[in-house]
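Notes follow the structure.
The values are calculated or read from the model by the stated rules, or taken from the named source; none is laboratory data. All values reported here derive from a predicted model rather than from experimental measurement. Please note: Cβ atoms are built from the backbone with ideal geometry, for glycine as well, and neighbour counts cover all protein chains shown.
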Amino acid sequence: MTLDKTARTEQRRFADDPHRPRYHFLPEENWLNDPNGLIHWNGEYHLFYQYNPAGPFHGTIHWGHAVSTDLVHWRHLPVALVPEPGTADEDGCWSGVAVDDNGVPTLIYSGNRDGEQRACLAISNDGMLTWQKHPNNPVIPAPPEHLHLVQYRDHTVWREDDAWYQLMGAGLEGEGGAALLYRSQDLRSWEFLHPLLVGDAQRFTPIWTGTMWECPDFFALQGRHVLTISVWDHGQLHYSAAMVGDYRDYHFFPEVEHKLDYGDRHFYAPQSFTDAQGRRIIFGWIHEGRGAEAQLQSGWSGVMSLPRLLSLGTDGQVCMQPVPELEALRGEHTHTAAIDMPAGDEIVLPAVTGDTLEVLVELAPAESGRCGIVVRRSPDGAEATRILYDATQHQLIVDRTQSSQDLATDHNAHVAPLSLRPDEPLRLHIFLDRSVLEVFANMREAITSRIYPTRGDSLGVALLAEGAQARLVSLDAWQLRSTWEA
Ligand code: DQQ
């Protein structure tokens, strides 16, 4: 791969930054948040994203744009949408989607003006390099009059029978989050039908869905329908959630509801699309876990998750797996054969070390106690991030209490429910990319996290059993190549 000029500049400028990921997508500098407009078009994957060219903070949101043929190596393209003074998006081009309108790439997004968001449209006639905004933006001038809304923005658009349908994210005052359903013949004139679904902010099980739903996404998956939302409440971003159920007569009947990823705001505002092979692929925004000042100092903020393949698990939940294309990043490989893991000390694996790793590990846990793997471990163990299965509590834990000696970075643990069947091994698929950690467990749960070790020698990998002996069945690790390297 030849390096373009921007990629070379980026490499030089951030060469000494120990936290900047090497194979996750992010812009050359400044701020990134939600993935937008995901579409597979003429053999190329297009990834748009919320982008602030003015600095590493949320503000003056544009649509950044990148393209890839393999979902792994990305090429930056010119900014796609710029806020335009005097128009419906003068304060920002917020999140939205791309659709194929009979051969014309068309974006539906939230124009932000005076603190309110309205649906806007833009088209491209040159293969998505430049975009023309609709002269009558916003194409939906106001929310439905009779609804009392907390917030109102974000879009998912699909073709069904002879019409276009759209959901907008919202919250109903005194009730909960909502996805509002619209219909259109031409994407430019929309009729409000009804809420597809309204949440209940007073209900806390199986999960709480907040007072407003950002970035709704709605699609068919293996004969069922899935609604994903991002749970918002009084300005706080909580987590992304999935609901699985049936879609009938323009209503949705969810039966299963769960957090999509247990890393909370580190997998937020996800959006998915169907590629030419019919795969449903999702990306999410990996929020920083360090303060605003540290983000300003570093010159960048926000990372795109790895692309993940969606399927339904045997428990009826939505399951995410990294796409197989990521194997192209694999470099030097080490295999560690089976060993017993006595309860107590961490077993350092000297052959496995680094901060850009893929690890596939299989462990046989005991019926009680905890076992797992440690990454970004300093030789004295003072810095370490522990990824543990707790057999008593039936939980998968990313323990960040010792991840960094910089106490200004997030230190809370991320916890996912995980019950292994008797004799079912713990299978972890781990992607470590400096400050980014994506953990997939047993084709069931995912935890995305951020860690900011301060020491240059926090590169070790170890095994750990606590309270009861466990056994390593096998461990394969690869050094992963940077996507920006020649
Ligand atoms: N980010 C966008 C909004 C969306 C939020 C603004 C979710 O459209 O609701 O940058 O992170």
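Tabulated data
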read-out: Residue match in segment 340-349 (condition: surrounded by 18 or more Cβ atoms within 10 Å (Cβ to Cβ) and within 21 Å of the chain's Cα centre (by Cα)); value: no
read-out: 2 or more residues within 26 Å of Gly344 (Cα to Cα) and modelled with pLDDT under 95: qualifying strands (runs of 3 or more DSSP E) within segment 427-486; value: none
read-out: So His287, is it closer than 24 Å to Asn36 by Cβ, within 16 Å of the chain's Cα centre (by Cα), crowded, with 24+ Cβ neighbours inside 10 Å and not charged (D, E, K, R); value: no
read-out: Residues of segment 223-236 classified as under 13 Å from the mean Cα position of the chain (by Cα) and more than 14 Å from Pro254 (Cβ to Cβ), total; value: 1
read-out: Exclusive hit being without any contact (Cβ under 8 Å) to a residue 24 or more places away in the chain, part of a loop (DSSP other than H, G, I, E, B) and on the phi > 0 side of the Ramachandran plot, set Asp380, Asp423; value: Asp423
read-out: Criterion violated by Asp410 - all others in (1) in contact (Cβ under 8 Å) with a residue 60 or more places away in the chain; (2) under 20 Å from the mean Cα position of the chain (by Cα); (3) outside any loop (DSSP other than H, G, I, E, B) satisfied; value: (3)
read-out: Residues of segment 178-222 classified as among the hydroxyl-bearing types (Ser, Thr, Tyr) and either more than 24 Å from Asn102 (Cα to Cα) or under 19 Å from the mean Cα position of the chain (by Cα) (or both), total; value: 3
read-out: Residue in segment 431-438 that is in contact with a Phe, Trp or Tyr (Cβ under 6 Å, 6 or more places away or on another chain) and hydrophobic (A, V, I, L, M, F, W, C) present; value: no
read-out: Residue under evaluation Gly316, criteria (1) assigned to a strand (DSSP E or B); (2) touching a residue at least 40 places away in the same chain (Cβ under 8 Å); (3) within 26 Å of Met168 (Cα to Cα), criterion not met; value: (1)
read-out: Test: residue in segment 125-133 that is surrounded by fewer than 20 Cβ atoms within 10 Å (Cβ to Cβ), charged (D, E, K, R) and closer than 23 Å to His234 by Cα; value: no
read-out: Any pair with Cβ under 7 angstrom, 6 or more apart, that starts in segment 190-212 at a residue that is over 17 Å from Val244 (Cα atoms) and modelled with pLDDT of 95 or more and ends at one that is aliphatic (A, V, I, L, M) and in a loop (DSSP other than H, G, I, E, B); value: Trp190/Val139; Gly210/Ala201; Thr211/Ala201
read-out: From the options Asp340, Asp315, residue that is more than 20 Å from Gly284 (Cα to Cα), out of contact with any helix residue (DSSP H, G or I) (no Cβ under 7 Å at 6 or more places or on another chain) and at pLDDT below 95; value: Asp315
read-out: Flag if Ser404 is small (Gly, Ala, Ser) and either farther than 22 Å from Ala242 by Cβ or assigned to a loop (DSSP other than H, G, I, E, B) (or both); value: yes
